[in-house]
Amino acid sequence: MGIESEKDLSESKKDKHHHKLSEQIEKLTAEKDEVFAKLQRVSADYMNYQKRSARQISESVAYEKEWVIKSLLPVLDNFEHSLCGAEKIEDAESLRKAVKMIYDQFLAVLKNHGIEQISSVGGKFDPVCHEAMMNRSEPDKEDCVILDEFQKGYRLGEKVLRPARVIVNKLPVPASEPALEQNPPDEQNDTDGQPKADEPENGD
C-alpha cells in the first residue's frame, strides 16, 4: 500500500510538472506569435513607407521641374514678341533695350530660384569661384585683381554651379637689389681714416 501511494504521488508530481511545462510552452508560443505578428506589421509599414517616400520624392522632383519651366515661359514669350517685332524696329538702340529687358527678366527668374551671378571684375581672384584664363599686368592696379571677364559664373546658394572665367592682374616681381660690396680697408689709412704719415727712417 505504501509503495503504491509513493508511486501515485510520483506520477502526480510528474503530471503537474508536465502540465506546468505545457502552460509555459503555450505562453511562449503565444508570445512568439505576437512578436512575429508585430514584426510582420513593422515590415509591412516599412515597405509602405519606402514606396510612399519614393513616390513623394518623384512628385517633388516633378513639381520642381514644373515650377522652373513655368517660371521660364514668360521669358520665352518676351523673346518671341521681340523676334516678331524685330522687323518693325528701325534703330539698334531699341532692339538693345528689348534684349536687355529680357536679359534682366531672365536674371530675376534665376534669382527667384536661388541662382546668382558671381561678382568678378574689380574684386580679388578667388580660385573657388574664379577660373583664370590668362594674366595681364596693369601697374596702376593691385596684384591678383580681376581685370576682365570672359564668361560669367553662377552660384546656387554657397555652391558654385560654374566658375567665372577671368583675366587676372599679375604684377612683375621686383628684382632683388644686389648687395653692396665693402671695399677692403686701405692699408695706407689709419684707424681714423686719415692717410698715414711717412715714418722717418732710423738714424735721422
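Taken together, the values in this text are just the output of simple stated rules run on the coordinates, not laboratory data. Since this is a predicted model, take the numbers as computed values, not measurements. Cβ sites come from the backbone with ideal geometry, for glycine too, and all protein chains shown count toward neighbours.
R0 = 30 Å: FRET efficiency of residue 69 with residue 151, Cβ-based, nearest 0.05? Between residue 69 and residue 151 the formula returns 0.75. Projected over every direction and averaged, the convex hull enclosing the alpha-carbon atoms of segment 25-139 yields 15.7 nm².
Report, in listed order, any pair from 124/159; 97/170; 13/38 with a Cα-Cα distance greater than 27 Å.
Among 124/159; 97/170; 13/38, the Cα-Cα distance tops 27 Å for 97/170; 13/38.
Between segment 41-82 and segment 91-126, the C-alpha centres lie 27 angstrom from each other. Over all projection directions, the Cα-based convex hull of segment 117-172 averages an area of 3.4 nm².
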